[in-house]
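What follows is a set of notes on a single structure, which appears directly below.
The values are calculated or read from the model by the stated rules, or taken from the named source; none is laboratory data. As the structure is a computational prediction, the values presented were derived from the model and not from experiment. Reconstructed Cβ throughout: ideal geometry from the backbone, glycine too, with neighbour counts over all protein chains shown. Note: areas computed on protein heavy atoms with side chains; ligands, DNA, RNA excluded. Shrake-Rupley method; radii C 1.70, N 1.55, O 1.52, S 1.80 Å.
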Amino acid sequence: MEVDYAWGTSSNNVPVQKLEQHFRENFESLQPEYYVKVPGRVNLIGEHVDYCGYSVFPMAIDQCIVVAAKRTTDRQTVELTNLCTERYENVSKNISDISAESLGKTPSWSNYFMCGVKGAREYLSNSQLKTFEKVGFLFAITGNIPESSGLSSSSALVTAAVMATLVGYGVPISRLELAEISAKCERYIGTAGGGMDQAIAVNAKQGYAARIDFNPLAVKQFRLPADAKFVVAQSLAVKNKAASNDFNTRVVECRLASQIIAKKLNLEWEQMTVLANLQKRSGNSLDQMIELVHQHLHVEGYSKSEVCEILSVSEDRLDELSLTANTTDVAEFYLHQRALHVFEEAKRMEEFCRLCENSGGASDLGRLMDDSHSSLRDLYQCSHPDLEELVALCKREGAYGCKLTGAGWGGCVVVMVPSDGAERFVKSVRDQYFSNRETFGRRIDELVFATSPSEGACCVHVKTTSISDGITDHLPALVHL
């Protein structure tokens with residue numbers, strides 16, 4: 001049976017027919033029962049603040065992960081195959097053998113997916129686990145979200161795994177719960193993200209960006225200026241954040257900054273690990289929190305011993321309270337810079353929302369994006385020379401605003417440009433930035449492209465080929481809207 005759901009724009013379609021054929025070739029000519037699609041995202045403002053408890057403003061993009069799936073009843077295994085066979089080997093694993101310990105050893109594509117399977121099963125009750133004890137899955141996967149580019153390819157893969165597993169089990173779940181579970185289980189791979197990627201992937205609405213709030217998780221949709229369009233450009237500098245401690249070091253630095261300021265304010269500092277909670281507990285405005293950063297955190301780096309002295313704890317106790325396994329040997333922590341970025345970025349995000357609500361102009365929104373990038377470069381130190389070259393080019397070509405998106409240290413920039421000049425802009429960036437660079441066999445239209453706010457995760461059941469705006473209406477209802 002041929003299936004063509006035309007997900008994405010004409011230039012960004014995922015090859016669903018090829019995925020179906022690949023599924024049959026790898027799984028004894030069996031037919032997929034359902035397909036799950038989860039988009040990537042760009043973050044327009046509010047970078048590196050979600051794990052600090054502050055709001056973010058992402059939008060989903062056309063590029064996505066697609067999973068073809070079928071439930072089995074004769075073996076309790078998860079069998080994975082990837083359409084990109086030249087890079088990814090097939091994987092088969094008994095469901096009972098999927099453990100946090102095994103997943104954290106290697107940040108491979110299959111382990112990201114297995115994180116989602118494990119997270120979905122942890123959502124089940126004991127009676128449901130017993131009911132499904134002989135159930136397994138066949139999954140074939142493809143996607144066109146550039147990897148290690150700050151477009152949330154890994155989070156989309158994990159979310160797709162959670163969703164595909166729960167669809168197969170027919171277990172109901174709300175959209176917000178799905179996002180929270182997906183964020184939680186990605187930590188099995190060693191990435192301590194804050195939940196933005198999963199929240200927008202599940203809750204995105206075509207034509208809108210969304211403000212994502214945390215604790216509790218909430219989503220509010222915003223229309224963007226009609227005279228603006230968005231371009232994503234890849235710097236070609238790539239970084240796997242799970243294979244480095246840079247990302248987790250930033251998380252820990254924010255945690256330590258919160259704890260030290262809490263100690264200085266005579267608050268119970270041990271549990272004060274999130275900067276937004278510190279602000280709430282202290283009763284201060286964002287401007288007042290910025291003043292506290294200047295007052296209580298010096299600009300020079302902090303050694304581990306200095307942090308221990310300030311908090312009056314041993315190094316072993318600090319490891320237990322505040323650090324992650326891959327940050328215990330970090331030589332210096334830059335607490336002033338990281339906390340200053342977070343509080344100032346939170347202010348920029350609030351202003352961005354106010355402008356959108358009041359029909360603010362693209363130039364004003366672009367200025368906030370520019371300021372965000374400057375802070376990410378100078379205070380959070382997560383840019384890259386290639387990113388800086390790309391940002392400078394985009395500004396010369398007339399962008400309203402331009403910033404790195406995602407964790408940084410490479411990856412992509414998201415650019416707000418005039419709608420009527422988007423095609424010219426893409427051509428200029430393509431000709432000037434990529435003409436003398438090795439693209440490693442990737443098509444230019446995968447490296448720089450215009451995109452629009454896309455729909456969030458959905459599921460299609462093969463027998464009906466109808467797309468639900470939830471997960472599915474054709475298996476037991478999984479999303480309560």
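Test of understanding: extend the Cα→C-beta vector of Ser305 to 7 Å, then name every residue of the range 331-350 with backbone N under 11 Å from that spot. Those under the cut-off are none; the list is empty.
With a/c under 1.5 counting as rounded, go ahead and sort the range 352-432 into rounded, prolate or oblate using the C-alpha gyration tensor (a ≥ b ≥ c being the square roots of the eigenvalues; past the cut-off, prolate if a/b is larger than b/c, else oblate). Cα axes put the range 352-432 in the oblate bin. Expressed as a whole percent, the accessible surface of the chain that belongs to carbon and sulfur atoms is 45, based on a 1.4 Å probe. Summing charges over neighbours of Lys229, with a neighbour being any other residue whose Cβ is under 10 Å away from its Cβ, gives -3 when K and R count +1 and D and E count -1. A cut-off of 5 Å between modelled amide H atoms, ignoring neighbours fewer than 5 places along the same chain, links Val238 with Gly411. Mean separation of Cα pairs under 8 Å and 6 or more residues apart, divided by the residue count, gives the chain a relative contact order of 22 percent.
Sites listed here are trypsin sites (Lys or Arg not before Pro) in the range 349-450 whose DSSP assignment is loop and whose Cβ has at most 16 other Cβ atoms within 10 Å: Arg437, Arg442, Arg443. The range 64-142 and the range 298-344 have Cα centres separated by 37 Å. Subtracting the Cα-Cα distance of Leu124 and Ser314 from 0.36 nm times their residue separation leaves 64.4 nm of extension gain.
Can you tell me how much longer the chain between Asp364 and Thr77 gets when fully stretched, taken as 0.36 nm per residue apart minus their C-alpha distance, in nm with one decimal?
Details: separation 287, 0.36 × 287 = 103.32 nm, distance 5.27 nm.
Stretched fully, the Asp364-Thr77 segment lengthens by 98.1 nm.
Please say if the chain is rounded, prolate or oblate, where rounded means a/c under 1.5 for a ≥ b ≥ c the square roots of the C-alpha gyration tensor eigenvalues, and otherwise the choice is prolate for a/b larger than b/c and oblate otherwise? Here the chain falls in the oblate category.
Full extension of the segment from Glu291 to Glu25, taken as 0.36 nm per residue of separation minus the current Cα-Cα distance, would add 89.6 nm. Compared with the dominant Cα axis of the chain, that is its longest principal axis, helix 16-26 is turned about 70°.
Given the pairs Lys205/Lys347; Lys37/Lys427; Lys347/Lys403, which span a C-alpha to C-alpha distance of over 21 angstrom in this model? Write down the numbers at each step before the final one.
Details: Lys205/Lys347 25 Å; Lys37/Lys427 29 Å; Lys347/Lys403 16 Å.
Correct reply: Lys205/Lys347; Lys37/Lys427.
First check a/c for the range 304-439, with a ≥ b ≥ c the square roots of the eigenvalues of its C-alpha gyration tensor; if it is under 1.5, answer rounded, and if not, answer prolate when a/b is larger than b/c or oblate otherwise. Here the range 304-439 falls in the oblate category.
Computed from label points 7 Å out along Cα-Cβ, the spacing between Arg223 and Ser419 is 1.0 nm. With θ taken as phi - 60° and the Karplus curve 6.51 cos²θ - 1.76 cosθ + 1.60 applied, the whole-hertz 3J(HN,Hα) list for the range 79-84 is 10, 10, 9, 10, 4, 8 Hz, x standing for glycine and proline.
Every helix of 4 or more DSSP H residues in the chain counts as -39500 (n - 2.57), and over all residues that averages to -12500 deg cm²/dmol at 222 nm.
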